[in-house]
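Enquirer: Below: one structure in C-alpha cells.
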C-alpha cells in the first residue's frame, strides 16, 4: 500500500523513554519505539527522529534554580545524544540501518549534522536520528524537530505524546477535555494548546508542515497512522477540516 506520507520526522520526548522508571532509559520502551520505526520503514517511509533529553537532564531546571541557562541547555543537548545512541542501538538490533547526526561536534560518538548529509542518508533509506537539538541554547527539541523537518522537506512532523491527540485541556486532569480530530496551527497557538512550543508550531505553519499528534506509547500507532488509520490529531491549515472534534 501507499503510505499517507513519504518522508516524516518523529519527535519523541525524553520522558517517554523512562517508561515507569523515575529516571534514565527503559530499554523496553526504546525497543518499542524502534519497532514502530522499523514498521514505518517497511512501508517505504523515510524517517528522521528527534528525541528530547528530559529523562536525563533538563536545561531549564538549572535556570529555575539560579544557574546559567546556556550551560544548562548545553547539558540537555548532551542528554539528547545519549538517547539518540540508545535508539540507534535498538534499531540495529532489528536490522534497521540508522545514523546519528549531532548538532554538536563529537566525532568519536557520531557524525556532525549537515543538511546535505542528512538528505543523502534519507535518500539511501537510512533512519536519521537528529541529536543535540538545534545546537543552540534557548531552543527546545520541539523547535529542533520542526527545523529538521523543514530542512529535509518532510511531509509531516509526528509528535509522540502521553495521550492520543490534542485536547482542549489535559485529559488526565480534566474529565471534560475535548479531543480534536483536526485543527489549525493558528488555533493551537491562539488557544495555548501545549503540544509543542510556539516557535515549533510557527515554523511548521510557515513551511506548510502538518503536525500529527499521537500516543508514543501505543504500539503500532505510528504505522497505523501512516497506513491511513490510527488515533491522532492532525494540525494543519486545511480550511475544510478545521476544528473537527471527536465524538
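Enquirer: Answer with yes or no whether residue 16 is farther than 21 Å from residue 162 by Cα, touching a helix residue (DSSP H, G or I) at 6+ places or on another chain (Cβ under 7 Å) and either part of a loop (DSSP other than H, G, I, E, B) or at pLDDT below 95 (or both).
Expert: When the stated conditions are applied, residue 16 does not pass them.
Enquirer: Do you know which residues across region 40-54 are crowded, with 19+ Cβ neighbours inside 10 Å and over 10 Å from residue 80 (Cβ atoms)?
Expert: Result: 40, 41, 45, 46, 47, 48, 49.
Enquirer: Just wondering, is there one or more residues in region 112-123 that are part of a loop (DSSP other than H, G, I, E, B) and either touching a helix residue (DSSP H, G or I) at 6+ places or on another chain (Cβ under 9 Å) or surrounded by fewer than 22 Cβ atoms within 10 Å (Cβ to Cβ) (or both)?
Expert: yes
Enquirer: Restricting attention to region 55-69, which residues are modelled with pLDDT of 85 or more, surrounded by fewer than 24 Cβ atoms within 10 Å (Cβ to Cβ) and closer than 14 Å to residue 15 by Cβ?
Expert: 56, 57
Enquirer: Here is a further query. Which of the following residues is under 27 Å from residue 197 (Cα atoms) and part of a strand (DSSP E or B): 62, 99, 70?
Expert: From the options 62, 99, 70, the qualifying one is 99.
Enquirer: Quick check: anything in region 53-61 touching a strand residue (DSSP E or B) at 6+ places or on another chain (Cβ under 7 Å) and without any contact (Cβ under 8 Å) to a residue 12 or more places away in the chain?
Expert: No; the residues of region 53-61 include none that is touching a strand residue (DSSP E or B) at 6+ places or on another chain (Cβ under 7 Å) and without any contact (Cβ under 8 Å) to a residue 12 or more places away in the chain.
Enquirer: If you check residue 133 against the conditions, is it assigned to a loop (DSSP other than H, G, I, E, B) and buried (at least 17 other Cβ atoms within 10 Å of the Cβ)?
Expert: Taking the combined requirement at face value, the residue satisfies it.
Enquirer: Limited to region 154-183, what total is found for residues that are surrounded by 15 or more Cβ atoms within 10 Å (Cβ to Cβ), over 23 Å from residue 139 (Cα atoms) and touching a residue at least 40 places away in the same chain (Cβ under 8 Å)?
Expert: 8
Enquirer: Does residue 154 meet the test of being at pLDDT 95 or above, in a loop (DSSP other than H, G, I, E, B) and under 19 Å from residue 205 (Cα atoms)?
Expert: Yes, satisfied.
Enquirer: Restricting attention to region 13-35, does a residue exist that is within 16 Å of residue 133 (Cα to Cα) and surrounded by 20 or more Cβ atoms within 10 Å (Cβ to Cβ)?
Expert: Checked region 13-35: at least one residue is within 16 Å of residue 133 (Cα to Cα) and surrounded by 20 or more Cβ atoms within 10 Å (Cβ to Cβ).
The values are calculated or read from the model by the stated rules, or taken from the named source; none is laboratory data. Worth saying up front: this structure is predicted, and the values here are computed from it rather than measured. Note: ideal-geometry Cβ built from the backbone for every residue, glycine included; neighbour counts use all protein chains shown.
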